[in-house]
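> One structure coming up, written as C-alpha cells, with questions to follow.
Rule-based calculations on the coordinates, nothing more; no lab input. Small disclaimer: the values here were computed from a predicted structure and weren't measured. Cβ: placed from backbone, ideal geometry, glycine included. Neighbour counts: every protein chain shown.
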Protein chains: 2
Amino acid sequence: MAARLTTSSHALLGLLAIQPWTGYELTQQATRSLRFAWPKSERLLYTEPKKLVQLGLATAHEDAIGQRSRTVYAITDEGRAALSAWMKTTPKPPVLEAEALLRLLFAENGTTDDIMAALDSMAADAADLYEQVATINTGYLDGEHPFPQRTHLSVLFATFQLELFDLIIRWVAFAKNEIATWPTTEGLGMTDRTESILNEIKNRRSVLEL
Amino acid sequence: MAARLTTSSHALLGLLAIQPWTGYELTQQATRSLRFAWPKSERLLYTEPKKLVQLGLATAHEDAIGQRSRTVYAITDEGRAALSAWMKTTPKPPVLEAEALLRLLFAENGTTDDIMAALDSMAADAADLYEQVATINTGYLDGEHPFPQRTHLSVLFATFQLELFDLIIRWVAFAKNEIATWPTTEGLGMTDRTESILNEIKNRRSVLEL
DNA sequence: TGACAATACTGCAACTTGCAGTATTGTTCA
DNA sequence: TGAACAATACTGCAAGTTGCAGTATTGTCA
C-alpha cells in the first residue's frame, strides 16, 4: 500500500483546514459544496481521512457520544504544508460528464422523442442544482454562512455553478428547437441550419484571430 | 464476473453502431468526440469491447496485417437492441470536475497568485479545447466529416462544448477581476462586491419566480 | 540499415463506486 | 411506555476505472 496523495486527498485536507470534522460531517460538507467542483462518492469520503491519518497529514481521536463512538479528524501542520504546496501546482483540465450529451451524439439509435426526453432531463437536473445553489447562497445575505469569513470564496465559487446551470438550461432550449425541425434522428447530415451554425462558428473564430 | 452494462459500454456500442472498428480505432474515436461528453481512459476503451463480445453485444474477428493481428469489433443485433433500449432510459445528471474551482474554494490556503495561476490554467485549457472543437467542426464545411450523414448530430453536440468553453474563459476573466481587488485570500468574508453579487442572484431569482 | 519515433497494445496495482448490510439514535402513535 | 419505523452514521466487498510501466511491431530519416 504505497498510498499517494490524490486530488481527493487534498480536497479533504481543504475541508479539514477549516475545522475538525467527524467522518459523517465530512460527507455532509462534501455534498453541500465540494461536489460542485469535485464530485466523489460517500464511500470514498469515509475512507480517505483514514489515509490522511496514516500519512500524518491528519489526526484522529475517538469522541464517544452515548453508545456510538465517532472519529474526529483534524489537520496537522504537515497537512497544512501539503495543502499549501498543492495550491501551487497546476490543476487538471476541467472535465464534463454528461450522459444526455452522449445520447445526442448517438441520437440516430433512438427516436426524436428519446433525445428530447434526455435533454429535458438534463435541463431539469440543471434547474434543480441551480435552485440548490441559489438557495444556499442567498441565505448568506441573512448571515447563514457557517463560516462567515469564507463568504467571499463560497460566493465567487457559486457564480460559476449558476452560470453553468443557466447555460445548460438555455442550450437545451436551443437544441430542442433545432431537433424539433428534424423529421428523424438519422441521416440528415449537413442541413441548412447545421451549415449556418458552422458558418457562425467560423466567423466568430476569424474575428477572434484578428 | 457478473459484468453489468455501464454507460461506458453503451458509449462504445454507440461507436460500433456507426461501423466496425479495431480496438485502437475505438480509442482514437473516443478521444476525438466521445471524450467531451463521456471522458474515459484509453485503458478502459481497450478493455470494454471484450466485455461486449462476452455479452454477445458485439463480435470480434482477427484481421492479420503483417506480423500484427488486430481485432475488429462489430455490433450485433442484440447490441443494437441494447443501445435502443438505453436511449429510452433517463440519463444521469451532468457532472463537472474542475480542480481549479476546488482551489478557489480553498484559496485561503494559498496566495492570490496561486489562485490566479490556477484560474489561468483552467482558461488556457478551455481555450485549447475550444480551438480543437472549432477546428474539427469548421472542417465539416469543407466536407471533412468522416460520416457526412451524421453531421447534424456532431455539430449540435459541438455547440454545447463551444458555449461551455466560452463560458469558462469569460468567467475566469470575471473571477480574476474580483480576486484582483482582494488584499489577501483569507478572512475577507462578506465584501461589498460579494454582497452585490448575492443581491443580483436574489433579484434574478425573484424575477424567475413570477 | 541502424536508430529512434510512432503505433498498437497488455499487465497490474491502486483508486473509486455502488450497493447491501449493520447498528445505534430519534420520532411517532397507539 | 414501548413497539415500529425512519433517520443517522457508518463498514465490507465486488466490480468499475485509472495511470503508468512495459512490450513489440511498424514507419521514417540519415
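> Among the residues of the stretch A:21-43, is there at least one that is within 14 Å of chain B (Cβ to nearest Cβ), within 16 Å of DNA strand C (Cβ to nearest atom) and either touching a His at 6+ places or on another chain (Cβ under 7 Å) or of a type in the set (Val, Ile, Thr) (or both)?
Looking for residues that are within 14 Å of chain B (Cβ to nearest Cβ), within 16 Å of DNA strand C (Cβ to nearest atom) and either touching a His at 6+ places or on another chain (Cβ under 7 Å) or of a type in the set (Val, Ile, Thr) (or both), one finds at least one in the stretch A:21-43, hence yes.
> Which of the strands (runs of 3 or more DSSP E) found entirely inside the stretch B:40-157 contain at least 3 residues meeting this: of a type in the set (A, V, I, L, M, F, W, C)?
Values: elements: B:58-65, B:68-75, B:95-97.
By residue number, B:58-65, B:68-75.
> Let me ask another. From the list B:Ala107, B:Ala134, B:Ala127, B:Ala118, exactly one residue is under 24 Å from A:Asp166 (Cβ atoms) and more than 7 Å from chain A (Cβ to nearest Cβ). Which is it?
B:Ala127
> If you don't mind, another one. I need a count of the residues in the stretch A:27-61 that are under 25 Å from A:Asp125 (Cβ atoms) and aliphatic (A, V, I, L, M). Walk me through how you get there before you give the answer.
The initial filter retains those residues of the stretch A:27-61 that are under 25 Å from A:Asp125 (Cβ atoms), namely A:27-45.
Keeping just the survivors that are aliphatic (A, V, I, L, M) gives A:30, A:34, A:37, A:44-45.
The number of residues fulfilling the criteria is 5.
> For the stretch A:183-210, how many residues meet the condition of being assigned to a helix (DSSP H, G or I), farther than 24 Å from A:Asp113 by Cβ and more than 8 Å from every other protein chain (Cβ to nearest Cβ)?
Let us first name the residues in the stretch A:183-210 that are assigned to a helix (DSSP H, G or I), namely A:192-209.
Cutting the leftovers down to farther than 24 Å from A:Asp113 by Cβ gives us A:195-196, A:198-209.
Restricting the remaining residues to those that are more than 8 Å from every other protein chain (Cβ to nearest Cβ) gives A:196, A:200, A:203-204, A:206-209.
Of the residues in the stretch A:183-210, 8 are assigned to a helix (DSSP H, G or I), farther than 24 Å from A:Asp113 by Cβ and more than 8 Å from every other protein chain (Cβ to nearest Cβ).
> Give the stretch B:87-110 a look and list any residue that's surrounded by 21 or more Cβ atoms within 10 Å (Cβ to Cβ) and polar (S, T, N, Q), or say none.
B:Asn109
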